[in-house]
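Contents: one structure, followed by commentary.
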Amino acid sequence: MAVEAPVEPAVTKRRMLVFGLVLALLASVAIGYTRYAIRREDHKLHGGGGTAPGPVALTLDGGPRLLFRSTESGPGYGHLATVAAADPGGPRLVGERSCERVYAAGGTAVCLTVEGGVLRHNVALILDGQLRQVRRVELEGTPNRARVSASGRMASWTVFVYGDSYAAATFSTRTSILDTGTGELVASLEDFTTTRDGKELKAPDRNFWGVTFTADDNVFYATLSPVTTGRTYLVRGDVRARTMTVLRENVECPSISPDGTRLVFKKKVSQSTRNPWRLHVLDLATMVETPLAETRSVDDQAVWTDDHTIAYGLPGGSGAATDVWSVPADGSGAPARIVAGGFSPTPLR
């Protein structure tokens, strides 16, 4: 039987050297392409003629206005901006701060944003009335929803977390609540005790998103969706008691009216992936639902600009990624585009 000659150490070292050089070359190519792709995307988003950040500082003060994320292609893309509430289609004031999602109330804003260059990471920033950072929280997923209570004390956000799901090939959500007064952070609503029809839901595969706070700061509404069923439910939560109660099926992304009597939400009305949702308003006293005049599918957590009007984001045109639309809250009227090139609207009263 022939005996195979041993590999010479010098040959092995040469192979390892070549292999290392190939890996280094591939890594260099990957990094170079990533940087090129980022530059190309930045040029696409920031190369237009949209409004640039100006010399006047953006704040949460100054009378009735609408705060939003500017999505005009140009130097102000992704930056926070405001327009007059009485003339939302008029000139916008663009600030220096960028956010992926924003909400503000009571002199406090929560800004979900992305930091870094090639190696990017997501953070939640708590901002004061001058939009100065007062707290920073690292996020473990992609920014999705944000809310602040009317007093400005309670802040909440939701992120998508991929690879952290109990079902294969899906994402999960993680929703947090921060008490800006005490600094106490609830990292995940999954830690709360949830009951339905008096029985505790103990299954680990529970996703929560879309918090909206009532006037007393402690009570909130949100969406629950067990991964195994895919259904959605409206829950009413108690921050101090660390509890939530299931109230109703087929409610997503609730948002409470300024008078505290109604919720606007997105309701699943079709199995189609192109047009699955329609905005509805739920009367909390009677539990009667009213479909709104907006028949396009809105994948957003809508807001109340006042007790009679709903605002939300939709994919845009004319060089803008998204636009802000409004519709009457009683089911009458018709949708109207109020901000071309805007997203994540929040009323400043």
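The values are calculated or read from the model by the stated rules, or taken from the named source; none is laboratory data. These numbers come from a predicted model, not from an experiment. Using ideal geometry, Cβ is built from the backbone for each residue, glycine included, and neighbour counts are taken over all protein chains shown.
A few points about this structure:
- Listed by first and then second residue, the pairs with beta-carbon distance under 9 Å, at least 6 apart or on different chains, first residue in the range 176-190 and at positive phi, second surrounded by 13 or more Cβ atoms within 10 Å (Cβ to Cβ) and assigned to a strand (DSSP E or B), are GLY183/ARG135.
- Within the range 238-246, one or more residues are under 30 Å from CYS111 (Cβ atoms), touching a Leu at 6+ places or on another chain (Cβ under 8 Å) and surrounded by 23 or more Cβ atoms within 10 Å (Cβ to Cβ).
- Scanning the range 223-257 for residues that are in a loop (DSSP other than H, G, I, E, B), closer than 24 Å to LEU292 by Cβ and in contact (Cβ under 8 Å) with a residue 60 or more places away in the chain returns a single hit, SER257.
- Looking only at residues in the range 276-290 that are in a strand (DSSP E or B) and not β-branched (Val, Ile, Thr), the one that is surrounded by the most Cβ atoms within 10 Å (Cβ to Cβ) is LEU279.
- A Cβ distance below 8 Å, combined with a sequence gap of six or more or placement on separate chains, defines the contacts here; from the range 275-294, residues that are closer than 13 Å to PRO335 by Cα and free of Cβ contacts under 8 Å to residues at least 24 places away in the same chain reach residues that are surrounded by fewer than 15 Cβ atoms within 10 Å (Cβ to Cβ) and not β-branched (Val, Ile, Thr) in the pairs ARG278/PRO291.
- For the range 40-51, filtered to residues that are surrounded by fewer than 16 Cβ atoms within 10 Å (Cβ to Cβ) and more than 17 Å from CYS99 (Cβ to Cβ), the residue that is modelled with the highest pLDDT is GLY49.
- Considering the range 57-73, and only residues there that are at pLDDT below 95 and farther than 17 Å from ASP128 by Cα, the residue that is surrounded by the fewest Cβ atoms within 10 Å (Cβ to Cβ) turns out to be SER73.
- Scan of the range 149-171 for residues that are part of a loop (DSSP other than H, G, I, E, B), touching a strand residue (DSSP E or B) at 6+ places or on another chain (Cβ under 9 Å) and modelled with pLDDT under 95, ordered by number: GLY163, ASP164, SER165, TYR166, THR170
- Residues of the range 118-135 that are in a loop (DSSP other than H, G, I, E, B), at pLDDT below 95 and not basic (Lys, Arg): VAL118, LEU119.
- Test: VAL324 is in a strand (DSSP E or B), of a type in the set (A, V, I, L, M, F, W, C) and either farther than 22 Å from ALA84 by Cα or under 18 Å from the mean Cα position of the chain (by Cα) (or both): yes
- Complete set of residues in the range 58-85 that are in a strand (DSSP E or B), more than 20 Å from the chain's Cα centre (by Cα) and not aliphatic (A, V, I, L, M): ARG65
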